[in-house]
1. Only one residue in L256, L315, L275 is of a type outside the set (G, A, S), open to solvent by 40 Å² or more (accessible area, probe 1.4 Å) and either touching a Phe, Trp or Tyr at 6+ places or on another chain (Cβ under 9 Å) or modelled with pLDDT of 80 or more (or both), so which one is that?
2. Please state which of the following conditions R349 fails to meet, knowing it meets all the rest: (1) of a type in the set (K, R); (2) in contact with a Ser or Thr (Cβ under 8 Å, 6 or more places away or on another chain); (3) farther than 26 Å from G170 by Cα.
3. Take G482 and tell me if it is closer than 27 Å to I508 by Cα and touching a residue at least 40 places away in the same chain (Cβ under 8 Å).
4. Restricting to the stretch 124-136, and then to whatever is under 15 Å from D191 (Cα atoms) and touching a residue at least 40 places away in the same chain (Cβ under 8 Å), can you tell me which residue is surrounded by the fewest Cβ atoms within 10 Å (Cβ to Cβ)?
5. Show me the strands (runs of 3 or more DSSP E) entirely contained within the stretch 515-596 in which 2 or more residues are at pLDDT below 90.
6. Going residue by residue through the stretch 393-400, is there one that turns out to be without any contact (Cβ under 8 Å) to a residue 24 or more places away in the chain, under 23 Å from I346 (Cβ atoms) and of a type outside the set (D, E, K, R)?
7. Counting only residues that are at pLDDT below 80 and not acidic (D, E), give me the strands (runs of 3 or more DSSP E) lying completely in the stretch 72-154 with at least 1 of them.
8. If you take the residues of the stretch 473-497 that are part of a strand (DSSP E or B) and in contact with a helix residue (DSSP H, G or I) (Cβ under 9 Å, 6 or more places away or on another chain), which of them is nearest to L416 (Cα to Cα)?
Amino acid sequence: MSENGRSDRQSPSPGGPDRAGADDRPGADARAGTGAGGGWAAAPEAPEIPEGSAAGPDAAAPEAEPAYRLSPLTLVTAPLNYLRNYLVPVLVALIAGTYSFNPWMLGGAAAAVATMLLSGLFTWYTVRYQVGAERLEIRRGLIGRSHRSIPLERIRGVDISAHLLHRALGLAVVKIEAAAGGEGSEEGKLDAVTAPEAERLRRVLLRRRAYLRGDSGVQRAEGADDAPARVAAEGEEPDTEVYFTVPASWYLYSVLSLGYLLTPFVALATLVGVLGQGLGGGAAERAGDLAVGIYERASEMAVSLLVAGAVLAALLLLLAMPLFAVVSYTVTHWRFTLRRRGDALIAERGMLTRQSVTLERRRIRGHELADNPLERTRSAVRLRAIVTGLGQAATRAMLMPIGPRSRVEEVVERALSPFRGRLARHPRAALGRRLFRAVTPFAVAAAASALLAPPWVAGVFALLALLGVPLGIDRYRSLGHGDDGRQVSVRSGSLRRVQAVVVRDAIIGWTWKQTLFQRRVGLADLELSVGAGSGGYSAIDVGFAESAGFAHVVTPEMVRPFLEGAGPVAPAVGDGAGPDAGEADGGGERSAEEQS
């Protein structure tokens with residue numbers, strides 16, 4: 001971003017130019033340079049605010065804070081971050097240079113390490129951040145300077161994460177996401193500040209954003225943001241409510257997820273890739289020669305020993321799959337916690353890397369419940385939020401990991417808004433289409449293989465065609481759509497079944513899609529266009545007339561112009577009986593679309 005006419009020069013402080021990042025408020029002098037304040041010390045203290053005090057609408061606007069540096073421990077973390085990216089080349093240079101005593105390689109490795117150490121000093125010295133009355137300013141660089149200015153009222157979320165090293169040193173990384181951040185990346189990043197300062201920054205930024213937006217419920221003075229002593233004494237903020245903390249028994253649900261079960265294969269592929277890149281082509285050739293030698297020796301052994309070894313390897317792999325699944329699940333979702341803090345939901349998780357994601361409740365437009373066939377045998381499901389303008393939604397929008405459906409629904413009842421309607425079943429013609437898609441490709445492949453390939457290939461495809469019958473039936477049973485007067489829900493899928501629930505006013509358009517085969521049996525795919533989540537959720541193979549009636553009930557003002565003169569519309573099944581079930585939720589900016 002450009003400087004926008006702002007000066008990077010700070011007013012002199014009583015302690016001299018070396019204290020440009022110190023706090024100018026009362027009590028700051030005693031702490032400067034000893035670990036207090038954004039880069040120099042802990043979060044600056046503020047005067048005590050009585051619990052019932054209020055700022056009122058005429059209260060003075062919050063003042064700009066002084067500029068702070070990152071934590072001095074950045075001198076440790078920054079070089080290690082660089083070293084992590086170049087660890088393999090540096091190690092190769094050290095080993096090769098020592099083995100053959102090549103001074104050039106040793107000197108290059110030493111120069112690389114020295115440069116990484118200096119990068120820590122450079123990062124700490126040049127990066128400064130300042131929370132202003134209306135903007136967050138982040139400046140970095142000495143020769144090529146960068147100045148990022150983020151309007152506080154456009155901040156969408158403040159996430160806090162901490163790797164294992166950060167947690168050992170009491171540090172955290174603060175990521176600020178703002179509107180128009182671009183390609184889902186954070187608008188600002190502070191790596192790293194002290195953990196108390198990270199929490200203070202989140203409170204300050206979110207409260208000042210609410211003040212600038214004029215949100216209700218933000219009535220206390222701005223100084224209440226900066227009272228870590230009072231918060232620590234109370235143990236938790238007054239407006240915080242814990243919805244869920246993962247119990248230890250939930251870690252066993254990982255064996256129901258194919259993604260976690262495949263962890264050994266992913267780890268093995270990663271290890272092979274790292275070794276291949278680090279050791280080079282010569283090592284790969286030697287590994288190939290070794291494999292050939294092992295094969296030649298094994299061919300001289302009894303066939304029974306080879307079979308026994310293969311069976312043993314398969315058993316070890318089968319045992320490793322659930323073990324690795326539990327370990328991976330535990331590391332990822334360790335001490336998973338979902339809480340409400342003010343007008344935001346905060347999800348925290350992670351063992352090695354502790355991540356804290358903040359989601360504004362006003363940006364949450366619905367939720368998704370997802371499961372697979374194995375999870376359905378134990379009535380397990382996972383919960384994800386449908387959020388507007390959220391990058392990396394696959395991981396950041398998670399509200400609950402895999403767990404019992406009953407417990408997940410309890411959290412939805414408390415933290416979100418459950419769907420209280422019923423899902424309408426789709427026409428029987430949809431069952432024929434599900435079976436056709438699940439069986440026909442493998443049946444055709446089996447017939448072709450019977451003529452052109454060995455018999456066992458045709459047998460494999462024939463078995464897959466038979467398995468397609470229950471798969472197609474399950475896909476049909478999973479189809480559904482409904483409306484409860486406030487929210488709309490659609491469901492589809494079998495190997496990964498997803499039920500999406502969105503509020504009515506989040507729908508910005510409808511799209512009907514029909515193939516030639518769907519048109520012949522009177523079916524269509526109805527997509528709800530939503531300015532959140534994946535952008536659209538589909539009711540697959542629904543009756544065309546029924547889908548038009550469904551859309552008309554949900555958003556009558558939006559759909560009515562397209563139905564005038566089209567004749568009677570079939571009533572939608574599963575409509576809500578709420579008082580606003582027939583009211584208009586559409587607007588002049590919405591549009592409905594019908595595609596053939």
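The values are calculated or read from the model by the stated rules, or taken from the named source; none is laboratory data. Note that the structure is predicted; figures quoted are calculated from it, not measured. Positions of Cβ are generated from backbone atoms using ideal geometry, with glycine treated the same way; all protein chains shown enter the neighbour counts. All accessible areas refer to the heavy atoms of the entire protein, side chains included, with ligands and DNA or RNA removed. Shrake-Rupley method; radii C 1.70, N 1.55, O 1.52, S 1.80 Å.
1. On the way: L256 fails: open to solvent by 40 Å² or more (accessible area, probe 1.4 Å); L275 fails: either touching a Phe, Trp or Tyr at 6+ places or on another chain (Cβ under 9 Å) or modelled with pLDDT of 80 or more (or both).
Residue meeting the stated conditions: L315.
2. It is condition (3) that R349 fails.
3. Details: closer than 27 Å to I508 by Cα: yes; touching a residue at least 40 places away in the same chain (Cβ under 8 Å): yes.
So G482 fits the description; yes.
4. Checked the stretch 124-136; the qualifying residue surrounded by the fewest Cβ atoms within 10 Å (Cβ to Cβ) is Y125.
5. Numbers: elements: 523-530, 536-543, 591-594.
Per the criteria, 591-594.
6. Our first condition is that a residue be without any contact (Cβ under 8 Å) to a residue 24 or more places away in the chain; within the stretch 393-400, this holds for 394-395.
The next check asks that each one be under 23 Å from I346 (Cβ atoms); those that pass are 394-395.
After this cut, where a residue has to be of a type outside the set (D, E, K, R) as well, the list is 394-395.
For the stretch 393-400, residues without any contact (Cβ under 8 Å) to a residue 24 or more places away in the chain, under 23 Å from I346 (Cβ atoms) and of a type outside the set (D, E, K, R): present.
7. Details: elements: 128-131, 135-140, 146-151.
In the stretch 72-154, no matching strands (runs of 3 or more DSSP E) lie anywhere.
8. Quick first cut of the stretch 473-497, residues part of a strand (DSSP E or B) only: 480-483, 487-492, 497.
Narrowing further to those that are in contact with a helix residue (DSSP H, G or I) (Cβ under 9 Å, 6 or more places away or on another chain): 481-483, 487-488, 491-492, 497.
On the way: H481: 20, G482: 18, D483: 17, Q487: 12, V488: 14, R491: 19, S492: 22, R497: 21 Å.
For the stretch 473-497, the residue satisfying everything is Q487.
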